[in-house]
Amino acid sequence: MPTPTTSGQRPRTCRACGKKFEYPVKGNPATRHHCEECVTLPAETRKVLEKLNTRISQLELQLRRLQPKPAAPPAAS
Ligand SMILES: [Zn+2]
């Protein structure tokens, strides 16, 4: 079902490349889910990028979990 689009500009994250972008911007072809660079890509290419981007996001999440909490400030040299 269609959700009513708000006219206010909000930062969006591109599904394909993960870039943060403003939407909507006058004269900018970016869509709600894709930045102006990825919106021109063929759908199949974008699909692959979206898959990879999802994997990268998951890996980043796992990486963050694995990293020890920065409890102590870096030792002064
Ligand atoms: Zn993009």
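Summary of computed values
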| quantity | calculated |
| --- | --- |
| 20 Å Cα-Cα reach of residue 26 towards aspartates and glutamates, excluding residues that sit fewer than 8 places from it in its own chain | 36, 37 |
| For a label point 7 Å along the Cα-to-beta-carbon line of residue 45, residues of region 20-37 with backbone N under 12 Å | 37 |
| Built amide H within the under 5 Å cut-off of residue 16, gap 5+ | 35 |
| Value of relative contact order over the chain, rounded to a whole percent, pairs C-alpha under 8 Å and six or more apart | 22 |
| Whole-Hz couplings from phi, Karplus 6.51/-1.76/1.60, listed for region 55-69; x for Gly and Pro | 5, 4, 4, 5, 5, 4, 5, 5, 4, 5, 5, 6, 6, x, 5 |
| Global form of the chain, assessed from the alpha-carbon gyration tensor, a/c cut-off 1.5 | prolate |
| Cα centre as origin, Lys/Arg/Asp/Glu Cβ charges: region 10-64 dipole, Debye | 180 |
| Other-chain or far-sequence residues with amide H under 5 Å of residue 23's (modelled H) | 10, 12 |
| Sequence-distant lysines (8 or more away, or on other chains) whose Cα lies within less than 27 Å of residue 69 | 19, 20 |
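Rule-based calculations on the coordinates, nothing more; no lab input. Since the model is a prediction, treat every value here as computed from it, not as a measurement. Note: ideal-geometry Cβ built from the backbone for every residue, glycine included; neighbour counts use all protein chains shown.
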